[in-house]
Amino acid sequence: MDVDDVELMTLLSEQRRELTAAIAADSDLDFAFQLQMEEAIRVSSKSQPSSSSSSHHPSLLLNEIAESPSGIAFLVAEEIDNFERERRDRELVEAENRTMQENLNRLIHDQVFARQVQHVPEHEWRETGDYFEKPYGISPASKEEVFRVYFKGLVSEETVMSVKMPFAAIGVAVCDSCNCCLFELGKPVKVDGGGGIEVVAVELQALIEALTAAVALGLKRVQVFCDNNAVYQYLTGKGQATANEFTTLVDQLNTFQRKFTYCGPFLVSQNQIRFAYQLARDALKSEATKFGESVSGRTLLEQCVICFESTYSGQMFSVDKCLHRYCFSCMRKHVEAKLLQGTLPECPHETCKSNLEIESCKKFLSSELYDIMSLRVKEASIPPTDKVYCPFSNCSALMSKTEIQECTPTSSSSSVGGTGMRKCVKCHRRFCVNCKVPWHENFSCANYMKYFPYRSVSEAKLKSLATEKRWRQCIKCKNMVELASGCYHISCRCGYEFCYTCGAEWIKKKPTCRCRIWDERNIIRDGQNRH
């Protein structure tokens with residue numbers, strides 16, 4: 001063969017190889033899989049394995065398939081999909097962090113600017129106020145502020161299905177120098193037991209979570225408030241981790257501390273970190289409730305008709321008499337509003353007048369609100385004409401005339417020559433029930449009122465101020481009433497209704513006098529008239 005024939009054969013060979021490669025590329029996955037399956041079946045039939053070794057064939061077959069071109073292509077495609085998914089997730093997280101950082105910087109800038117405006121003198125503001133500005137992003141003053149970091153880790157035994165079980169949770173709050181909250185977090189953490197070592201470990205987890213949030217927000221100068229002495233020693237570098245489980249946490253703590261230009265630790269009382277404590281406590285209770293409901297199979301969610309939020313059944317309150325149900329949060333706000341108005345709370349449902357039992361409300365009320373509600377219940381149980389308050393300012397206990405009569409011995413009352421002396425059921429000091437003052441030993445009630453028309457200097461001032469401001473006193477319970485806005489029909493908290501102008505009683509929502517019922521100045525406020 002001459003040279004031309006050799007070149008022609010070479011060219012044909014190359015074209016044949018390219019054509020074969022193209023055909024193989026079109027169906028290589030199916031073909032390779034078929035070959036591997038045939039080979040696996042052939043090997044299996046020839047080898048005639050025993051029953052003890054037959055269990056290895058599925059794994060051999062899978063290995064052969066994974067080592068085939070189709071298996072490799074499948075694994076590569078899956079890896080590419082995972083990588084692409086992780087890349088998209090990372091981009092979303094980075095974008096969210098950038099947005100959070102931008103919002104925080106803008107908030108810090110606005111707060112600093114607002115404080116500067118407040119300190120501008122009035123005369124200077126009138127002259128140059130229209131030109132006073134500080135555009136966002138011009139100065140880096142926002143980075144100079146020192147932020148406050150609060151944290152708390154709790155470990156507690158909660159009763160779940162009549163069994164005490166340990167739960168743990170952390171609470172984190174990051175605030176600016178004025179204690180305006182910028183970030184808050186409350187979440188449960190895993191715990192193996194309820195010993196002291198675990199408590200410190202949870203506290204360290206809470207601290208690391210708090211510093212992580214501060215770093216994510218781009219803060220450079222922070223003050224860390226801690227109520228645990230062991231954790232405080234780690235913060236200051238004086239404490240050394242002895243337990244293995246602490247070593248990693250302390251190393252993480254040291255790493256985060258180096259990310260700040262300033263990180264000042266402060267050892268404080270628990271009351272000064274109560275916000276973070278409450279976040280941790282709420283998360284701990286919520287986790288215990290969820291766990292108990294999951295164990296008992298009661299994981300149903302209910303929708304509160306006030307806030308329209310879906311809430312676990314264990315966090316819903318059922319009114320005892322009417323069985324209307326609302327979430328704890330809405331009930332707490334409802335009861336607090338009614339108590340601050342001086343009335344006993346009823347069921348929030350429209351037209352429902354079912355009273356709330358104080359013991360059933362205890363599950364969602366704070367101790368302060370529970371005490372206020374107890375006082376309101378007692379006030380409601382005593383008729384207005386029978387209410388007596390201890391005249392001593394450091395006591396002021398509420399009593400009924402029956403109570404103080406039982407508390408005061410008959411012999412003591414007769415020995416002082418009158419029936420007005422009573423003893424307080426709380427502080428046990430003597431006072432005059434007629435004059436509403438500490439007991440006047442050498443004066444009768446008539447002489448005392450003659451020589452001392454006012455029980456104290458403050459009462460004389462109150463009477464003078466009431467006359468000046470045109471306040472009215474309820475003739476039934478003696479409460480002082482001020483009309484801030486609205487009509488002249490007054491409903492006292494004791495239930496008595498009267499006219500604010502003359503004091504005449506209202507009967508069945510109707511006046512018994514001819515006074516005007518309302519004045520436009522009390523109905524429409526001045527601020528509304530200017531708009």
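The values are calculated or read from the model by the stated rules, or taken from the named source; none is laboratory data. Nothing here was measured: the structure is a model prediction, and the numbers come from that model. Every residue, glycine among them, receives a Cβ derived from its backbone with ideal geometry; neighbour counts consider all protein chains shown. For the accessible areas, the whole protein counts, side chains as well, though only heavy atoms, and no ligand, DNA or RNA atoms are used. Shrake-Rupley method; radii C 1.70, N 1.55, O 1.52, S 1.80 Å.
Structural remarks
Residue by residue, here is whether (1) over 21 Å from residue 391 (Cα atoms); (2) assigned to a strand (DSSP E or B); (3) of a type in the set (A, V, I, L, M, F, W, C) holds:
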residue	(1), (2), (3)
435	no, no, yes
440	no, no, no
449	no, no, yes
468	yes, no, no
475	no, no, yes
484	yes, no, yes
494	no, no, yes
498	yes, yes, yes
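- In segment 362-391, the qualifying residues are those that are of a type in the set (A, V, I, L, M, F, W, C) and open to solvent by 40 Å² or more (accessible area, probe 1.4 Å), and the one that is farthest from residue 336 (Cα to Cα) is 380.
- Screening residue 286 with (1) part of a helix (DSSP H, G or I); (2) modelled with pLDDT of 90 or more gives one miss only, at (2).
- Against the list (1) at pLDDT 85 or above; (2) assigned to a loop (DSSP other than H, G, I, E, B), the condition residue 278 fails is (2).
- Qualifying residue in segment 198-212 (condition: surrounded by fewer than 16 Cβ atoms within 10 Å (Cβ to Cβ) and modelled with pLDDT of 85 or more): yes
- Residues within segment 332-361 that are open to solvent by 50 Å² or more (accessible area, probe 1.4 Å) and either of a type in the set (Ser, Thr, Tyr) or part of a helix (DSSP H, G or I) (or both), tallied: 8
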